[in-house]
Amino acid sequence: MQLTWLIVFSVLIWLPAFLSPQTTAIFTSPFLKGYLIPGVSFLNQFIAFILILAEAFLLTYLFSRHQLTHKNNFLPGFLFVLFSSRTPEHLQFLPSVLALPFILLGLYKLLDSFKSNFVNNYLLSTSIYFSIGSLFVPSVLLLFLFIWISLILFQSFEWRSIPITIIGLVIPYAFIAFYYFWFNHFGDFLTILIQQKEHFINRPQLPETQGIIEFFVAAILVFISGSYILQRVGNQVISIRKKTYAMYWLLGLSVLISVFNAELSSRELVFIPLSGILGFYFSSIKKTFWADLFVSSIFLGILVQNYRILFYA
């Protein structure tokens, strides 16, 4: 039943994008330019919606698989769709739509590495996934710090961890470099790398009023949920404790990325840990009136905001 409602609510949120599709997409990543289907805005919107929905399912499975939320709890996925589709500007094919699946797959492998006898294999896979994600959103490269921090938390960090992550980082770029070299366009590859560097860290601008409100609401929710979760996580088994702490580190690094990068796609990274943390918190207090009221209000507010484009196009 939760799965059905997740799909229905997601369609309701994205329906304005299908009825009034955006004519252009925000593609700041040099590796993505020219890969949209020209003149087919509806199809681009539909592909973006399917990817967002798939990411919500993957995020839900990831947190459930590693016992970071209640079993068969789709609230993290629902919150992820809400946050990722919170304004009409988000109802389009952003580079983050392609980057986030690889971040989720890398995170899945990294959490699987806890107490594993094949830590280096998981570490290499995680690095490759994060590296592929950086092709679409360059600031993802900063999440390699999260890999090393997680290994320290899991007590599996060793000197080989750094060269292994660097190898994983280089592999996707090496394949692309070989492709450009083989077709005598290696100079174009170097140009793209320079453009990627320009998108790595952007000078942030003063946020609009809505952005400031969103930040303070999110900060209050993180503080309240953190007070609730961290008081109880000490009673859990060590694997859940370590993975929970890792999620808070991921949240912190994602917030730093969003602060020092003004691009829309870079700010979407924070919704992976935020959706999981708040999803667990709200599902734990689901019998309280204010939790249901808050989630419902956020949903209705986003609906009103997204449907504005149908009347003020």
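Please specify each residue of the range 163-175 satisfying the condition of being within 24 Å of the chain's Cα centre (by Cα) and either assigned to a loop (DSSP other than H, G, I, E, B) or surrounded by fewer than 16 Cβ atoms within 10 Å (Cβ to Cβ) (or both).
I166, I167, V170, I171
Sub-7 Å Cβ pairs linking a first residue in the range 270-294 that is farther than 16 Å from S258 by Cβ and touching a residue at least 12 places away in the same chain (Cβ under 8 Å) to a second residue that is β-branched (V, I, T) and part of a helix (DSSP H, G or I), at least 6 apart or interchain, are F280/I229; Y281/I229; F282/V295, ordered by first then second residue.
For W290, are the conditions met, namely being under 19 Å from the mean Cα position of the chain (by Cα), assigned to a helix (DSSP H, G or I) and over 23 Å from T87 (Cβ atoms)? When the stated conditions are applied, W290 does not pass them. Of all residue pairs spaced 6 or more apart or on separate chains, those with beta-carbon atoms under 6 Å, a first member in the range 142-155 that is among the small types (G, A, S) and a second member that is surrounded by 18 or more Cβ atoms within 10 Å (Cβ to Cβ) are S150/L110; S150/A246.
Do we find a residue being among the aliphatic types (A, V, I, L, M) and either at pLDDT 85 or above or buried (at least 22 other Cβ atoms within 10 Å of the Cβ) (or both) anywhere in the range 35-46?
Looking through the range 35-46, none of the residues is among the aliphatic types (A, V, I, L, M) and either at pLDDT 85 or above or buried (at least 22 other Cβ atoms within 10 Å of the Cβ) (or both).
Quick check: is even one residue across the range 128-139 at pLDDT 90 or above, more than 24 Å from W14 (Cβ to Cβ) and more than 16 Å from the chain's Cα centre (by Cα)? Yes, there is a match, as at least one residue in the range 128-139 is at pLDDT 90 or above, more than 24 Å from W14 (Cβ to Cβ) and more than 16 Å from the chain's Cα centre (by Cα). When F157 is tested against (1) at pLDDT below 90; (2) assigned to a helix (DSSP H, G or I); (3) under 29 Å from K243 (Cα atoms), only condition (2) is not met. Residues of the range 245-269 that are surrounded by fewer than 22 Cβ atoms within 10 Å (Cβ to Cβ), within 18 Å of F154 (Cα to Cα) and touching a residue at least 60 places away in the same chain (Cβ under 8 Å): Y245, W249, L253. N235 satisfies every condition listed in (1) in a helix (DSSP H, G or I); (2) surrounded by fewer than 22 Cβ atoms within 10 Å (Cβ to Cβ); (3) without any contact (Cβ under 8 Å) to a residue 40 or more places away in the chain except (1).
Restricting attention to the range 65-116, the residues that are free of Cβ contacts under 8 Å to residues at least 60 places away in the same chain, small (G, A, S) and either crowded, with 19+ Cβ neighbours inside 10 Å or under 25 Å from W14 (Cβ atoms) (or both) total 2.
The values are calculated or read from the model by the stated rules, or taken from the named source; none is laboratory data. Note that the structure is a prediction, hence the values are computed from the model and not measured. Every residue, glycine as well, gets a Cβ built from its backbone with ideal geometry; the counts of neighbours run over all protein chains shown.
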